[in-house]
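Structure, as structure tokens:
What follows draws every value from the coordinates through simple rules; no lab data is involved. The shown structure was predicted, so the numbers you read here are calculated from the model rather than taken from an experiment. Don't worry about glycine lacking a Cβ; one is built from the backbone with ideal geometry, like all the others, and counts go over all protein chains shown.
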Amino acid sequence: MSELPAYAAELLYQSRVARLGTADRAGQPLVVPVCYAFDGRACFSAIDAKPKRVAARQLRRLRNIAENPRVSLTVDRYDEEWSRLCWVIVQGRADVLTEGSERAGAVDLLLSKYTQYRAMGLDRETATVIRISPERTLEVGELVADETRYRFSICRPACETSTPAWPACRIACASRCFSIHALISRSRWLSKNSAVIVIRCVTFP
């Protein structure tokens, strides 16, 4: 997969809900809303403890993935001002994780993102997690809040530590903002285990 535009990576990182599209071997589609976490490389969604009509392993999305692992995940931001519409479609392969360190790490990401999962007691030792590995992405738009445009720049610094090299990394990333009339309003690692830094620039008229 080619590197995501910075605004698309930020949308994947910060959005709270996505739509997961699966299909069975006959091509019958299913789209369900899911909570998810993005670590800069893949998206993860857990099968949680909310009441369901069937056992977790019998959920149609899991049966579909077993028959046909090709999936799509859509994240979007709607605005009545249509020039502000923004969306990302991740197309790729889904795998169901039921053990191992990757599953535990995915659960940790979900627990850090959603307080509801902490209240539910989502367990890193027993949870079932869907991993969506991107192979292709489609994206449109940029993130806008009120009348301020936020543009994003992604950097992958040679160093992977926040100190003492962090100021230098921050300056290097700032140079990649999409407007020379910009002020850094926020900068952070994309995730705690990622070498990717996201810089948010506020652009002025």
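Observations
- The base-10 log of I(q)/I(0) for segment 6-140, evaluated at q = 0.11, 0.19 Å⁻¹, reads -0.39, -1.13 [Debye formula, identical scatterers on Cα atoms, solvent excluded].
- Projecting the Cα positions of Ala119, Trp87, Ile47 onto the charge dipole of segment 6-140 (unit charges on Cβ atoms of Lys, Arg, Asp and Glu, taken about the Cα centre) puts Ile47 furthest along the positive direction.
- Label-reachable residues, segment 2-18, where backbone N falls under 20 Å from a point 7 Å from Glu102's Cα toward its Cβ: 2-4, 13
- Stretchable slack from Glu125 to Val17, in nm (0.36 nm times residue separation minus alpha-carbon distance): 36.5 nm
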